[in-house]
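Working notes, structure below.
The values are calculated or read from the model by the stated rules, or taken from the named source; none is laboratory data. Remember, it's a predicted structure, so these values are computed and weren't measured experimentally. Note that each Cβ is placed from the backbone with ideal geometry, even for glycine, and that neighbours are counted across all protein chains shown.
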Amino acid sequence: MLAIQHQLDAGPGVFATATAAHGDSLEEWHPAVQPEPPRTDHDAVMVFGGAANAHQEDRHPWLAREKALLSELAEAGVPLLGVCLGAQLLAEAAGGAVRRASEPEIGWREVAMEPAASVDPLLGALPDRLHSFQWHSYEAVPPPGATVLARSAVCPQAYRLDGRPAWGIQFHAEVTLEGAEAWIDDYRSDPDAAAIDPAAFADETRRAIAGWNEIGQMLCERFLELAAARPTAGVQSAGSG
């Protein structure tokens, strides 16, 4: 299992716990500091968040390499799960787009499942409504043919690529209490977070995180089960020859 991590404080979180419990191992790729992804085969890939924006290829040249890899993996049918920035990059790599949302979503926000989610092999196990941890100012515009599976009042929150085992989720299902508290402590580094009440955000996070982590682990476990059931031996990562 490959975990694409864009910064040290935005890692797999509870997804790492679920992966270990499933008997799988995570190999991390940090594209900002490692020019090439690992030269191994991976049966599934998870892509996490970060402060970079999907269009900032001039500032972050690694974005172009990562999008190329995600396009290759999606076309090959490798199971993919993108979270926040990861969902945005996957959407763009598959022919969609990324744009600034009508307003930032930073805090705990309500997400409602679309009717299609009830029969989705990944999100079908989730409740109809989620009180979700969010931290984003941009949104993914899924490519033509993709199925939107969940929405907030602001934007699509989950989608599945057409005919492929690839999903994007805008909400941070992976975040731990430690990770969330670190982001909140550092909220001033994000200009879009200037208006939040950090103490209230932290209090709500401490109250809600246990149930949220249960949902995150369940989601990751389901993704791992779907990946394990996939009749493929994995696809060699780009750059491996």
Where the second residue is among the aromatic types (Phe, Trp, Tyr) and surrounded by 11 or more Cβ atoms within 10 Å (Cβ to Cβ) and the first is over 14 Å from residue 109 (Cα atoms) and lies in region 193-213, which pairs have Cβ atoms under 6 Å and are six or more apart or on separate chains? 193/187; 198/187
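Within region 155-172, which residues are under 20 Å from residue 121 (Cβ atoms) and part of a loop (DSSP other than H, G, I, E, B)?
Correct list: 161, 162, 163, 164, 165, 170, 171.
Of these, 64, 76, 97, 91, which one is surrounded by fewer than 23 Cβ atoms within 10 Å (Cβ to Cβ), in contact (Cβ under 8 Å) with a residue 40 or more places away in the chain, more than 18 Å from residue 226 (Cα to Cα) and not acidic (Asp, Glu)?
Going through 64, 76, 97, 91 in turn, just one is surrounded by fewer than 23 Cβ atoms within 10 Å (Cβ to Cβ), in contact (Cβ under 8 Å) with a residue 40 or more places away in the chain, more than 18 Å from residue 226 (Cα to Cα) and not acidic (Asp, Glu): 97.
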Enumeration of residues in region 173-185 that are without any contact (Cβ under 8 Å) to a residue 24 or more places away in the chain and in a loop (DSSP other than H, G, I, E, B): none
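Among the residues of region 109-153 satisfying the criterion of being among the charged types (D, E, K, R) and in contact with a Leu (Cβ under 6 Å, 6 or more places away or on another chain), which is farthest from residue 181 (Cα to Cα)?
120
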How do the pairs read when you match residues in region 217-241 that are assigned to a helix (DSSP H, G or I) with residues anywhere that are at pLDDT below 90, using Cβ under 6 Å and keeping only pairs 6 or more apart or on different chains? 222/125; 227/43
Qualifying residue in region 84-92 (condition: within 21 Å of residue 182 (Cβ to Cβ), at pLDDT 95 or above, of a type outside the set (S, T, N, Q) and part of a loop (DSSP other than H, G, I, E, B)): yes
Which of the residues that make up region 36-60 are more than 16 Å from residue 78 (Cα to Cα) and in contact (Cβ under 8 Å) with a residue 60 or more places away in the chain? 36, 48, 49, 51, 53, 54
Only one of these is within 21 Å of residue 176 (Cβ to Cβ) and at pLDDT below 95: 36, 27. Name it. 27
With 20, 10 as the choices, which residue is surrounded by 21 or more Cβ atoms within 10 Å (Cβ to Cβ) and either part of a loop (DSSP other than H, G, I, E, B) or without any contact (Cβ under 8 Å) to a residue 12 or more places away in the chain (or both)? 10
Within region 154-186, can you find the residues that are under 27 Å from residue 210 (Cβ atoms) and among the hydroxyl-bearing types (Ser, Thr, Tyr)? 176
Please find, within region 23-54, the residue that is surrounded by the most Cβ atoms within 10 Å (Cβ to Cβ) out of those that are under 14 Å from residue 84 (Cα atoms) and not polar (S, T, N, Q). 47
Just checking, which of 105, 92, 72 is touching a Cys at 6+ places or on another chain (Cβ under 8 Å) and among the acidic types (Asp, Glu)? 105
Residue that is farthest from residue 87 (Cα to Cα), among those in region 141-199 that are among the aromatic types (Phe, Trp, Tyr) and surrounded by 21 or more Cβ atoms within 10 Å (Cβ to Cβ): 183
Pairs where the first residue, in region 153-166, is closer than 13 Å to residue 223 by Cβ and the second is among the charged types (D, E, K, R) and modelled with pLDDT of 95 or more, C-beta under 8 Å, 6+ apart: 160/120; 166/160
